[in-house]
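Okay, handing you the structure first.
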């Protein structure tokens, strides 16, 4: 009887090991979900801001230079790399350029989607363009009030960009003024962009945010 019990125990143990091995194999075969898109808030990005003369207090122009930005790591790119593909987008005053076509040596392309950031769950499959002799892709992103001289973002104007390194990004421009005041006026410092963007790190078009 003792021998029989030992054989039974051995068979049970072997069965359990086999069962657990099968379960582990099934778990290994489970598809890994794609990485979630990352949401980034950029505040007060300087876009060649105007300065004041220290002697007279008069507002004078900036340096007439673009601020180059890379979405993959939320970095301002040095002007020394302006002739490279290290940047995706550039800001100077109200001008927004892409690193492609007539604006740069890169391959970044973009388009405007009239929607909200949350409603765009996937980047469009086609319809992208580069800056060219006819103008910049994002040349009409703002409204200018000739009475108050205030610049505001066009509602529902979402930038969708395919970057030089193959990532998809959707961008919402929030403010053109330092500190992103709710009601900017003539005393507000301009040429400081605040924007929110969502980037898909795996190169897919899916904006499944965390």
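Based on the mean of other Cβ atoms within 10 Å per residue, sort peptides 187-194, 175-182 so the most packed one is first.
187-194, 175-182
Cα convex hull of region 161-210: how many Å³ per residue?
Expressed per residue, the convex hull around the Cα atoms of region 161-210 is 93 Å³.
For residue 154 and residue 119, FRET efficiency with R0 = 25 Å and r from the beta-carbon atoms, rounded to 0.05?
Using R0 = 25 Å, I get an efficiency of 0.95.
Moving on to the next point. Between residue 186 and residue 64, what length comes free when the chain is fully extended (0.36 nm per residue of separation minus the Cα-Cα distance, one decimal in nm)?
Additional length available on full extension: 41.8 nm.
Oh, and also: Based on the mean of other Cβ atoms within 10 Å per residue, sort peptides 134-146, 63-75, 157-169 so the most packed one is first.
157-169, 63-75, 134-146
Just so you know, all these numbers are worked out from the coordinates, no wet-lab data involved. Remember, it's a predicted structure, so these values are computed and weren't measured experimentally. Methodologically, a virtual Cβ is constructed for each residue, glycine included, from the backbone with ideal geometry; neighbour enumeration extends over all protein chains shown.
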